[in-house]
1. So what's the range 39-102 giving for Cα Rg divided by 2.2 N^0.38 Å, two decimals?
2. Kindly express, to the nearest 10 degrees and within the range 0 to 90, the angle between helix 87-98's C-alpha long axis and the longest C-alpha principal axis of the chain.
3. Taking N as the number of residues in the range 18-61, what is its Cα Rg relative to 2.2 N^0.38 Å?
4. Ignoring any ligand, DNA or RNA, what whole percent of the accessible area of the chain comes from carbon and sulfur when the probe is 1.4 angstrom?
5. If you average the sequence gap of Cα pairs under 8 Å that are 6 or more apart and divide by the length of the chain, what percent do you get for the contact order?
6. With 10 Å bins from zero, work out the P(r) of the range 1-84 over every alpha carbon pair and list the percent per bin.
7. What accessible area per residue, rounded to a whole number of Å², is obtained for the chain using a probe radius of 1.4 Å?
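The values are calculated or read from the model by the stated rules, or taken from the named source; none is laboratory data. The structure presented is a predicted model; accordingly, all values stated were derived computationally and were not measured. Areas reflect the complete protein model, heavy atoms only, side chains present, ligands, DNA and RNA absent. Shrake-Rupley method; radii C 1.70, N 1.55, O 1.52, S 1.80 Å.
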Amino acid sequence: MSSSTIEPRAASASSVETTDDALTVSLTDGRTIVVPLAWYPRLLHGTAEERRRWRAVDGGRGLHWTDLDEDVRVDDLLAGRASGESQASLRKWLDRRADGRS
């Protein structure tokens, strides 16, 4: 009896959209992931224009928003994991934004 293993391919993003409430990521395999924007407070506090300026990293396995200093992994979205940023770190980032220092 022989067995074969299928090597799973890493999921990668093909497009990203945000609303005031949700982050929607379309994957190259046809799936779409929608999560609450509140899972990623930096995205939540960003402007619509800042959220539009994202780029794929690591072959689409990650998403990066330079203006917001935010990174999201596609695997984390698939696993239902929200941002792990501490409240202290977020508060410091928000204070820098309020002072005009990103």
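1. Computed over Cα atoms of the range 39-102, the ratio equals 1.13.
2. The angle comes out near 50 degrees.
3. Normalised by 2.2 N^0.38 Å, the Cα Rg of the range 18-61 equals 1.18.
4. 47
5. Reported as a whole number, the value is 20 percent.
6. 18, 52, 19, 7, 4, 1
7. With the other protein chains kept in place, the chain gives 64 Å² per residue.
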